[in-house]
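Enquirer: One structure is given below, represented as structure tokens, and several questions about it will come after.
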Amino acid sequence: MVALPFIAVILLICLIYSKYHSWRDAVLAASVIWGVFIVLTTEILSIFSWINFTSLSLIWLVLNAILLFACLRYKAFCNISLNQIFNKYRKLNILNQLLIISTIIIVLTIGLITAITPPNNWDTMSYVMPRIMHWIQNHSVNHYPTHYTPQLYNGPGAEFILMHLQILSGGDYFNNLIQWLSLIACLIGSSLIAKQLGANLRGQIFTVVLCATIPVGILHGSNSKNTWVVSLWLICLVYYSLLMIKTRPSWRLVLGASSSLGLAVLTKGTSYIYALPFLIWLFVVSAQQLRLKVFPYLIGGFITTLVINSGHYIRNHLVFGSPLSTYPYKWSNDIYTIPVFISNVIRNISLHLIPPFLYNEIREFSDRLIIGIHKFLQVDPLDTRTTLMEPGNQFSTQLPPLLEETAGNHFHFWFVILAIILIIANRKYRQNHFLVIYLSTTVASFLLFCLMIKWQIFHSRLHLPFFVLFCPLIGIIFSNLLKPRVSQYLILLVLLMAIPYLGLNDRRPLIGSGNIFTNDRVSLYFAARIPLKEDYLGVASLLHQQRCEKIGIIQRPDSWEYPLWVVINKEAKKVVEVRDVNVENPSNVAQNSEYKNFDPCAIVRMGLQPLPQLTVNNQTYINSKWQFTYAFDPTQVFFKEQK
């Protein structure tokens, strides 16, 4: 049954291609329609608590039947001739052929990692996969009591897709696939944007290569996060916006853009920031074209975006009192001044500034320079009003270069700077208002991000949409403004520098000790926290010995909840009921009868100071004799007191 969603998107591509005769446009349009279908069906099924294997199988079977009938009715089949593709490939010069083959190798290598490894990203362990497990258990995406509120308030767009795959496949074997497929769709979308900006075939190929070699993108292309997913929706939004700016709005394009915007903001909150400059540009141009006639399109687009997000907004409002709540965290800056803005720009840039292979002295000099600038600005680089970092830490940008949370896009950053300088310096491109406004709008999205969001050392992953949207500009510069030999050397350098990120991913390495081929699947879950594995396996074994099938959890926020679900269900060989207990934050108001009447036979306490006993629902639970070994993140098991 897990194949049904993928069959549906293929049929959609064929149906759309038969009408518009552009397979790249068809991929983007089909992706948006597919995403909206998943959101709307999930929300409707959730109202009736019908999220289960039977319901999802039925709706995908019905959709596939409708699409197949439409394809037969309109003879809409993607008759792609391999000979035609090969002939077009043969007409390319050797460099372009090499670039295409290299990109395919990069994508397939990431796909191999995707297929072999389970979800093991930190955020995936703490909130992405746990929320999916609770939704499946509750047959609904309604909020539920939890000690870690990001499981609730974070945009659920990508997780809705993962939940469908999880239910239809009966496991998490396909959950890394969505990021990988989104990466591929982004490569296609970025080439279309490059085309709209005036890039020739060479420039479009350069754009795809640059997009495929973004270091953070390579590392995230094989995980279960939402970085590539949100980048895809933003790519779609920008592409449809550019089409409307160059022609004029139509309902097809307005619905495409507003649906893309709705999916983007439902997936990640940073989309509000990245999308705003492009929306302003689109509105100004459309208002000039249509005058008052722009308002029906504006209202229709607003309603479309609102409908896609309405379920999540309502759930957040009911629990936290605000549709955009991030309780108890505050991600936006507390102060807004020019020095603080300059500080945030410098610190965000610093994550990509110095390539990791340069001498430590150079990187240390960079840190000292940044600290010196902050002293001149009279701004503390670790001020908690503008920074998400433990107070007292020393500012440093010397971070693990192959870790998906901290890797920087060093070469791509300097290409961004080069593109800005050359476009400004070149009279022809400086007078190309469309290109200059796109450049300004893309830069404005990054500056707005720096203005609004508190800085943290993990921001490089949040910058991925910016780099993806900038690749078309770099591709144009490489293909048109630089000397051919210079651009060839630079693009080959980019390919060369992608190799370490492909093979030495800190969480999912292809080579070296602990690579994905030598480790078993359970071990790969704990790649980022190896010492935690034995404790979790010990907990699962103990609960199985006691035949405990109702488990309460009490956890420190950001604890690794998902691996506990995995090992417990694997040991029990059946689905065990797991619910948060003793929740003291506002999500406690989301208790329904299942939570109020929940009577766990054991309590697992994670990441908190050890206790001899605790009380849940007026029942005393005593610490078991089992002892954890990972003192940094202790795990305790409590059983009911015997009377």
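The values are calculated or read from the model by the stated rules, or taken from the named source; none is laboratory data. Bear in mind that the values here come from a model prediction, so they are computed numbers and not experimental data. Every residue, glycine among them, receives a Cβ derived from its backbone with ideal geometry; neighbour counts consider all protein chains shown. Note: accessible area is taken over every heavy atom of the protein model, side chains too, but ligands, DNA and RNA are not part of it. Shrake-Rupley method; radii C 1.70, N 1.55, O 1.52, S 1.80 Å.
Enquirer: Out of Tyr148, Tyr173, which single residue is free of Cβ contacts under 8 Å to residues at least 60 places away in the same chain, surrounded by fewer than 21 Cβ atoms within 10 Å (Cβ to Cβ) and either at positive phi or of a type in the set (Phe, Trp, Tyr) (or both)?
Expert: Values: Tyr148 fails: free of Cβ contacts under 8 Å to residues at least 60 places away in the same chain.
Result of the check over Tyr148, Tyr173: Tyr173.
Enquirer: Output the number of the condition that His312 fails; it satisfies all remaining conditions of (1) modelled with pLDDT of 95 or more; (2) of a type outside the set (S, T, N, Q); (3) in contact with a Pro (Cβ under 8 Å, 6 or more places away or on another chain); (4) not in a helix (DSSP H, G or I).
Expert: So His312 meets the others, but not (4).
Enquirer: Identify all residues within the stretch 54-72 that are of a type outside the set (Val, Ile, Thr) and touching a residue at least 12 places away in the same chain (Cβ under 8 Å); write none if there are none. Walk me through how you get there before you give the answer.
Expert: Filtering the stretch 54-72 down to residues of a type outside the set (Val, Ile, Thr) leaves 55-58, 60-61, 63-65, 67-72.
Across the stretch 54-72, the qualifying residues are Leu56, Ser57, Trp60, Leu61, Leu63, Asn64, Leu67, Leu68, Ala70, Cys71.
Enquirer: Taking the condition of being farther than 18 Å from Cys186 by Cβ and either in contact (Cβ under 8 Å) with a residue 12 or more places away in the chain or open to solvent by less than 40 Å² (accessible area, probe 1.4 Å) (or both), how many residues in the stretch 17-35 meet it? Talk me through it step by step, then tell me what you get.
Expert: Taking the stretch 17-35 and keeping what is farther than 18 Å from Cys186 by Cβ, we get 17-21.
With the extra rule that they be either in contact (Cβ under 8 Å) with a residue 12 or more places away in the chain or open to solvent by less than 40 Å² (accessible area, probe 1.4 Å) (or both), the set shrinks to 17-19.
Total satisfying the criteria: 3.
Enquirer: When you go through Asp520, Asp535 one by one, which is the residue that is at negative phi and out of contact with any strand residue (DSSP E or B) (no Cβ under 8 Å at 6 or more places or on another chain)? So that I can check it myself, show each step before the final result.
Expert: Details: Asp535 fails: out of contact with any strand residue (DSSP E or B) (no Cβ under 8 Å at 6 or more places or on another chain).
Going through Asp520, Asp535 in turn, the sole match is Asp520.
Enquirer: So, one more: Just one of Lys533, Lys550 is of a type in the set (Lys, Arg), surrounded by 15 or more Cβ atoms within 10 Å (Cβ to Cβ) and closer than 20 Å to Glu571 by Cα; which is it?
Expert: Values: Lys550 fails: surrounded by 15 or more Cβ atoms within 10 Å (Cβ to Cβ).
One residue alone meets the criteria, Lys533.
Enquirer: Next up: Regarding Leu276, is this residue within 17 Å of Val39 (Cβ to Cβ) and either polar (S, T, N, Q) or open to solvent by 20 Å² or more (accessible area, probe 1.4 Å) (or both)? Break it down into steps so the answer makes sense when it comes.
Expert: Numbers: within 17 Å of Val39 (Cβ to Cβ): no; either polar (S, T, N, Q) or open to solvent by 20 Å² or more (accessible area, probe 1.4 Å) (or both): yes.
The answer is no for Leu276.
Matching residues to (1) at pLDDT below 95; (2) within 19 Å of Val216 (Cα to Cα); (3) out of contact with any strand residue (DSSP E or B) (no Cβ under 6 Å at 6 or more places or on another chain):
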site	(1), (2), (3)
Arg430	yes, no, yes
Cys450	no, yes, yes
Phe467	no, yes, yes
Pro472	no, yes, yes
Ser479	yes, no, yes
Gln488	yes, no, yes
Ile491	yes, yes, yes
Ser513	yes, no, yes
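Enquirer: I've got another one for you. From the list Leu219, Leu261, exactly one residue is touching an Asp or Glu at 6+ places or on another chain (Cβ under 7 Å), part of a helix (DSSP H, G or I) and buried (at least 24 other Cβ atoms within 10 Å of the Cβ). Which is it? Spell out how you get there, then give the answer.
Expert: Values: Leu261 fails: touching an Asp or Glu at 6+ places or on another chain (Cβ under 7 Å).
Unique residue meeting the criteria: Leu219.
Enquirer: Here is a further query. Need at least 1 residues that are within 16 Å of Ile214 (Cβ to Cβ) per element, so show me which helices (runs of 4 or more DSSP H) inside the stretch 381-465 make the cut, counting only ones lying wholly within it. Before the answer, list the steps.
Expert: On the way: elements: 410-425, 427-430, 433-452.
So the answer is 410-425, 433-452.
Enquirer: May I pose another question? If Asn79 meets every condition in (1) within 30 Å of Ile161 (Cα to Cα); (2) surrounded by 11 or more Cβ atoms within 10 Å (Cβ to Cβ); (3) modelled with pLDDT under 90 apart from one, which number is that one?
Expert: That leaves (2) as the condition not met.
Enquirer: If you go through the stretch 300-341, how many residues are among the β-branched types (Val, Ile, Thr) and surrounded by fewer than 16 Cβ atoms within 10 Å (Cβ to Cβ)?
Expert: Step one: of the stretch 300-341, the residues among the β-branched types (Val, Ile, Thr) are 303-305, 307-308, 314, 319, 326, 335, 337-338, 340.
In the following step, the residues that additionally are surrounded by fewer than 16 Cβ atoms within 10 Å (Cβ to Cβ) were identified as 303, 314, 335, 337-338.
Residues that pass the stated criteria total 5.
Enquirer: Right, something else. For a quick check of your reading of the model, give me the residue pairs whose first member lies in the stretch 430-443 and is open to solvent by 10 Å² or more (accessible area, probe 1.4 Å), whose second is polar (S, T, N, Q) and assigned to a helix (DSSP H, G or I), with beta-carbon atoms closer than 9 Å and at least 6 apart or on different chains.
Expert: Matching pairs, first to second residue: Phe434/Gln196.
Enquirer: Here's another thing I want to ask about it. Would you point out the residue of the stretch 621-643, among those that are within 20 Å of Ser559 (Cα to Cα) and open to solvent by 60 Å² or more (accessible area, probe 1.4 Å), that is nearest to the chain's Cα centre (by Cα)?
Expert: Phe632
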